[in-house]
Ligand SMILES: [Cu+2]
């Protein structure tokens, strides 16, 4: 009777140990998988940074005359963002100017000025 109880306890302990080993294995796998995912993500970030660095961008400030409200500025900004070669654009109605970042391999300050002029505003390179 006593022996049986001891055996029972022993079996339960062995079962518990097996469970702990299985849990440790699962945790190890999870850690390894997590680390791999981090490495892959780090590599992707590096690739993206390299691609961004490869595009040489320039900035130009364009003076704009003829805007009469913030809506005009928003319209010009939206048009600039659709223009090939434009990386980013900010247009201020208050300052009467556009601040444009562009890829010099795909467009020029002249083309950007022309795009604004074609909308009916008077535009010229400021800086
Ligand atoms: Cu307006």
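The modelled label-to-label distance between residue 119 and residue 65, using points 7 Å beyond Cα along the C-beta direction, is 1.8 nm. Spin-label model, residue 93/residue 79: points 7 Å from Cα along the beta carbon direction are separated by 1.6 nm.
Please label the shape of region 56-125 as rounded, prolate or oblate, based on the square roots a ≥ b ≥ c of the eigenvalues of the alpha-carbon gyration tensor (a/c under 1.5 means rounded; beyond that, a/b larger than b/c means prolate, else oblate). Prolate is the answer for region 56-125, as a/c is 1.5 or above and a/b outweighs b/c.
Could you calculate the contour length gain from residue 126 to residue 110, that is, 0.36 nm times the residue separation minus the distance between their Cα atoms, to one decimal place in nm?
On the way: separation 16, 0.36 × 16 = 5.76 nm, distance 1.18 nm.
So the extension gain works out to 4.6 nm.
Coordinate-derived values only; no laboratory data. Just so it is clear, the structure is predicted and the values come from calculations on it, not from any experiment. Virtual Cβ from ideal backbone geometry, glycine too; neighbours counted across all protein chains shown.
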